[in-house]
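Note sheet for the following structure.
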Amino acid sequence: MVRPHNLGCDRNVISALTEVFSVHSTLVYLEDDVVPNPCFYDRICRLLETYRSYQQVCSVSAYANFPQELEPLIDRDFIVSNRVFALGFGTWADRWQELNLANQPQGYNPFKNFYNIPATIQTKYTMVNQFFLEKNSQADWVITLTLNALDKNRVHIIPKVSFVRNIGCGHPEAKTYRGSEPDWINAKYEASARPNYLPSSLELADILTAPLDGVTLTRHLENSSGLWLSLSAMRHFLWKYPGLQNMASFLKLFLFRLPILLRRWRSGLPI
């Protein structure tokens, strides 16, 4: 459908998927800067058929991205994830309609603020992504989908090895990666991958559900250049992560990044 005006990437994708699901029960989605390997469509269609009746599964994906600590524990070609990866994925009309993203404000976060997102070894990356979206008044439909699925305790099926490749890095019109291709983005891609073996259950691995302690979370936040803690974030973290070590860790991050917060406050920017 031709739009009467530019909706922007995020609103347009949500609108487009909603329109498709008004007619079709399933959808296979491929970004325009993603190249699939020969088995992509076959495997995504098979996954959609296999998990059609499993309401807990929100999406299936061809892109592999998971914490390094999980890799030694993976004994199948696919794993259960609580993050969405849309570089080649599929989902169903009933799952999409349950999340109701088309009728939510753009960038809707059911957890209200980035710091309310349950922090695990996997969702800590979503926390950082959401932080920068919030502070820059931006939206990303994949992060929005991830958060809303997480809020409803839905999971996603992702592969151990990617069978899609991203070629969009370095383009001047790239939304995210305008520089050289990050080492990690296609690190798990295999052109000849033919994944077959599904996870033995739909339970997340214990390592993916275990909550992070405050010190570990702070170290992750410290590695995100430009991230700071507002007073409300500090209050939340100090309440959620009691103990002297946790308190000292968050206080150190707050004070170290305080100049960023003050500069933004003086400039009238969100803090």
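The values are calculated or read from the model by the stated rules, or taken from the named source; none is laboratory data. Only a predicted model underlies this, so the values are computations on that prediction, with no experimental measurement involved. No Cβ is skipped: glycine too gets one built from the backbone with ideal geometry, and neighbour counts run over all protein chains shown. Accessible surface is based on the protein model in full, side chains and every heavy atom, while ligands, DNA and RNA are left aside. Shrake-Rupley method; radii C 1.70, N 1.55, O 1.52, S 1.80 Å.
For segment 74-233, rounded, prolate or oblate, judged on the Cα gyration tensor with a ≥ b ≥ c (square roots of eigenvalues), a/c < 1.5 rounded, else prolate if a/b > b/c?
rounded
Need one number: nm distance between label points at Cys9 and Arg76, each 7 Å from Cα along Cα→Cβ, rounded to one decimal.
It works out to 3.2 nm between the two label points.
Which order do the peptides 232-242, 145-155 come out in when sorted by mean C-beta neighbours inside 10 angstrom, highest first?
Result, highest mean Cβ count within 10 Å first: 145-155, 232-242.
What is the dipole size for segment 27-141, taken about its Cα centre, with +1 at each Lys and Arg Cβ and -1 at each Asp and Glu Cβ, in debye to the nearest 20?
Value, rounded to 20: 320 debye.
With all protein chains present, how much of the accessible area of the chain (probe radius 1.4 Å) comes from carbon and sulfur, to the nearest whole percent?
Taking all protein chains in place, the chain shows 53 percent carbon and sulfur surface.
Taking square-rooted eigenvalues a ≥ b ≥ c of the alpha carbon gyration tensor, is segment 56-143 rounded, prolate or oblate, where a/c under 1.5 means rounded and, failing that, a/b exceeding b/c means prolate?
oblate
Quick one: check the C-alpha center-to-center distance for segment 93-154 versus segment 1-78, whole angstrom.
Centre-to-centre distance over Cα atoms comes out at 16 Å.
Please express the shape of the chain as an equivalent ellipsoid: the semi-axes are the square roots of 5 times the eigenvalues of the C-alpha gyration tensor, given largest first in whole angstrom.
32, 23, 19
Counting Lys +1, Arg +1, Asp -1, Glu -1, what net charge surrounds Asp94 among other residues with beta carbon under 13 Å of its beta carbon?
Net of charged neighbours comes to +3.
Could you check how many percent of all C-alpha pairs in segment 154-271 are farther apart than 24 Å?
Looking at segment 154-271, the distances longer than 24 Å represent 56 percent of pairs.
Roll a 1.4 Å probe over the protein chains and send me the accessible area per residue for the chain in Å².
52
Using only C-alpha positions, report the orientation-averaged shadow area of the convex hull of segment 208-258, nm², one decimal.
Here the figure is 3.6 nm², rounded to one decimal.
Hey, if you put +1 on the Cβ of every Lys and Arg and -1 on every Asp and Glu Cβ in the chain, which of Cys45, Ala191, Ala102 ends up farthest toward the positive end of that dipole?
Positive-most Cα among the choices belongs to Ala102.
Tell me, what is the FRET efficiency for Cys169 and Ser22 to the nearest 0.05, using R0 = 30 angstrom and their Cβ-Cβ distance as r?
About 0.35, to the nearest 0.05.
Could you work out the Rg to Rh ratio of segment 1-110, with Rh taken as the Kirkwood radius (inverse of the mean 1/r over all Cα pairs)?
The Rg/Rh ratio comes out at 0.98.
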